[in-house]
Amino acid sequence: MKTDTPPQGRRLRGLGVSPGIAIGPAHLVESGSIHAPEYTVPPEGVEAEVARFNEATAKARRQIKKLKSKALVLPGSASEEVGFLLDAHLAMMTNSRLTRGVERRIKEEGLNAEAAVQAEITAIAETFAGMDDAYLAARMTDVREVGRRLMRNLMQHEYQGFGMLPEGSVILAEELTPADTALIDPRRVLGFASVLGGAEGHTAIMARSLGLPAVLGVPGLLTNVRNGATVIVDGVEGVVHIDPPPELLESYRSRQAEREREREKLKGLRRLPSVTRDGTTVSLQANLELPRDLDHALENGAQGIGLLRTEFLFMNRQDLPDEDEQYHVLRAIVQGMDGRPVTARTMDVGGEKLAGWMAGRYGEPANPALSLRAVRLGLREPKLLEVQLAAMLRAGAHGPLRILLPMICSVSEVVRVREIMGQVARRLRRRNVRIADPLPPLGVMIEVPGAALSADALAHAADFFSIGTNDLTQYTLAIDRADDQVAALYDPLHPAVLRLIQFTVEAALRSRIPVAVCGEIAGDPRYAALLLGLGVRDLSMAPPSIPIVKRRIRNLDLVEASRRARVIMDQSDSGRIATLLDDFNALS
Ligand code: PEP
Ligand code: MG
């Protein structure tokens with residue numbers, strides 16, 4: 001017999017991607033109602049509207065297939081049950097009454113795709129309602145769920161409802177894209193967990209940057225959970241508890257209080273310099289995704305913004321930010337940093353960081369991470385780059401600003417961007433617009449193995465390097481950084497990755513250009529000794545990591561660290577490297 005008693009004490013494992021413990025009522029993003037826009041499509045637009053609907057169904061099929069592979073690891077019957085359910089959803093996306101009906105409504109009634117989906121779901125529900133059958137009633141829930149998925153795909157910006165969440169919620173979702181995560185208000189949300197997602201994708205990075213506990217890649221997360229159920233998201237252990245028993249809740253509350261005390265202690269480091277025991281100064285800067293994180297950076301004692309990911313200005317909207325809008329955002333950050341340097345990266349859209357205006361514009365690449373993204377997109381659409389460079393040059397008149405180019409592969413790309421920057425500067429000067437004088441340093445991200453191996457040549461073309469170990473690891477080891485299925489293979493300590501870092505640092509030192517590390521390893525105290533030992537003196541990281549890394553650096557002897565780095569660089573096995581590093585960290 002069915003009861004309303006919540007299932008007691010479910011414990012689910014995933015990837016702990018952002019440390020901390022969140023306890024609160026669950027907010028299931030799947031259950032939100034979606035308000036569909038309704039309008040008439042003119043006859044000449046019908047074909048494109050059908051194509052838009054087909055794109056949404058194709059995306060839904062891909063999403064469901066991903067969920068299916070995730071469900072395989074669920075225990076026994078649960079795996080089978082979820083598998084059947086997803087098969088049914090998949091069938092509904094392929095030449096079904098639903099898809100045929102929607103297409104017909106677009107073609108014959110001139111309805112927009114969202115309204116056509118809504119109308120078809122209502123019609124199917126009416127047919128089902130006439131049949132008094134429990135099995136069919138359950139199928140109706142599936143039809144509605146499929147309809148919601150299609151709507152979300154059609155409307156691109158997926159979970160707009162985040163702003164309305166009750167304070168203290170914990171979000172449980174199937175998947176949160178980086179754009180969704182950018183909508184999360186950390187004053188209302190305590191943490192989140194999702195079925196899909198890897199440890200080094202931008203959703204994970206955003207969680208760390210917001211200081212929100214998060215666990216991603218949790219199979220079965222949304223099965224048997226009610227809205228409002230008490231959940232614990234343990235971002236340290238990578239565990240989610242649903243309806244935990246009182247004693248477990250109690251022990252988590254005391255762990256939470258312990259972490260809070262630890263955080264308070266770390267605050268004391270804010271004003272202390274980041275200097276090793278033997279007197280070498282290391283610059284600790286912040287990675288910033290959204291302008292609102294600026295306070296966070298300052299509170300944690302950032303000595304600058306080492307990486308401003310401007311692509312977030314392009315997300316959750318259908319239009320493009322113009323020069324003035326970008327300039328105002330950048331200027332506020334430069335002024336907010338009050339004389340400390342800001343390194344603004346030109347937009348790295350593409351890959352998993354999708355901007356609304358890109359949707360469908362360049363087709364659907366089979367390998368988005370290898371496709372038209374970042375500087376490649378800027379060079380394909382120079383107007384985009386020119387607008388952004390103009391905004392940066394203008395913001396650079398208000399304080400020290402450097403310009404950083406993502407996904408650089410070859411010298412010719414840097415040369416081309418420098419030419420464009422020169423043209424933009426001349427145009428602005430002709431119009432008497434105030435810009436940085438001299439022009440800002442132009443640096444490159446070293447995040448593609450080919451760029452690392454060309455570091456000598458790039459060091460002549462660029463004014464500084466910033467090593468992006470997230471992508472460098474992804475591309476060197478051929479591991480999708482956002483895919484939980486291969487997350488266990490993602491390893492920045494792989495000797496190949498370390499050699500590329502070493503090669504880059506040495507090339508920069510030889511050419512006397514600054515070199516920083518801004519990938520996620522910069523914010524993990526475990527790696528500090530190795531990076532410093534390899535010659536890095538500039539680290540940029542999520543703001544909450546700054547005090548933790550500073551504490552590590554203040555305990556570190558650089559001579560010893562360099563010696564250990566040399567031993568590590570002679571190794572061929574990453575397991576051995578990890579042991580050598582952990583042993584060193586345990587002793588000093
Ligand atoms: C990197 O790839 O390491 C990096 C810092 O850039 P992003 O994480 O934005 O790709
Ligand atoms: Mg990158």
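Does region 296-317 contain at least one residue that is over 30 Å from Ile467 (Cβ atoms) and assigned by TED's automatic domain parsing to the domain that holds Val433? Yes, region 296-317 contains at least one residue that is over 30 Å from Ile467 (Cβ atoms) and assigned by TED's automatic domain parsing to the domain that holds Val433. Restricting attention to region 536-560, the residues being polar (S, T, N, Q), closer than 15 Å to Arg277 by Cβ and part of a helix (DSSP H, G or I) number 0. The test for being farther than 19 Å from Ala522 by Cβ, assigned by TED's automatic domain parsing to the domain that holds Gln335 and of a type outside the set (A, V, I, L, M, F, W, C) does not hold for Pro246. Taking region 298-397 as the region of interest, the helices (runs of 4 or more DSSP H) fully inside it that hold 3 or more residues being open to solvent by 30 Å² or more (accessible area, probe 1.4 Å), over 25 Å from Glu447 (Cα atoms) and more than 15 Å from ligand 1 (Cβ to nearest atom) are 323-336. The set of residues in region 480-521 that are within 13 Å of ligand 1 (Cβ to nearest atom) and among the aliphatic types (A, V, I, L, M) comprises Ala482, Val497, Leu500, Ile501, Ala516, Val517, Ile521. For the residues Asp480, Asp456, Asp471, Asp491, the requirement of being in contact (Cβ under 8 Å) with a residue 60 or more places away in the chain, over 24 Å from Tyr327 (Cβ atoms) and away from ligand 2 (no atom under 16 Å from the Cβ) singles out Asp491. Inclusion of Glu260 among residues that are more than 20 Å from the chain's Cα centre (by Cα) and among the acidic types (Asp, Glu) is warranted. The residues in region 399-418 that are open to solvent by 10 Å² or more (accessible area, probe 1.4 Å) and part of a helix (DSSP H, G or I) can be counted, and the count is 6.
Restricting to region 267-278, name every residue that is touching a residue at least 40 places away in the same chain (Cβ under 8 Å) and either exposed (fewer than 12 other Cβ atoms within 10 Å of the Cβ) or outside any loop (DSSP other than H, G, I, E, B) (or both).
The initial filter retains those residues of region 267-278 that are touching a residue at least 40 places away in the same chain (Cβ under 8 Å), namely 267, 269-270, 272, 274-278.
Listed by number, the residues that qualify are Lys267, Val275, Asp278.
Candidates Ala451, Ala488, Ala482, Ala461: the one that is of a type in the set (A, V, I, L, M, F, W, C) and over 25 Å from Ile305 (Cβ atoms) is Ala488.
In region 333-356, the residues that are free of Cβ contacts under 8 Å to residues at least 24 places away in the same chain reach residues that are away from ligand 2 (no atom under 12 Å from the Cβ) with C-beta atoms within less than 9 angstrom, at least six apart or across chains, in these pairs: Gly351/Pro368; Gly351/Leu370; Gly351/Ser371.
The values are calculated or read from the model by the stated rules, or taken from the named source; none is laboratory data. Just so you know, these numbers come straight off a predicted model, no measurement behind them. Neighbour counts are summed over all protein chains in view; Cβ atoms, including those assigned to glycine, are modelled from backbone coordinates with ideal geometry. Ligands, DNA and RNA are stripped out before the accessible areas are found, and what is left, the full protein with its side chains, is counted by its heavy atoms. Shrake-Rupley method; radii C 1.70, N 1.55, O 1.52, S 1.80 Å.
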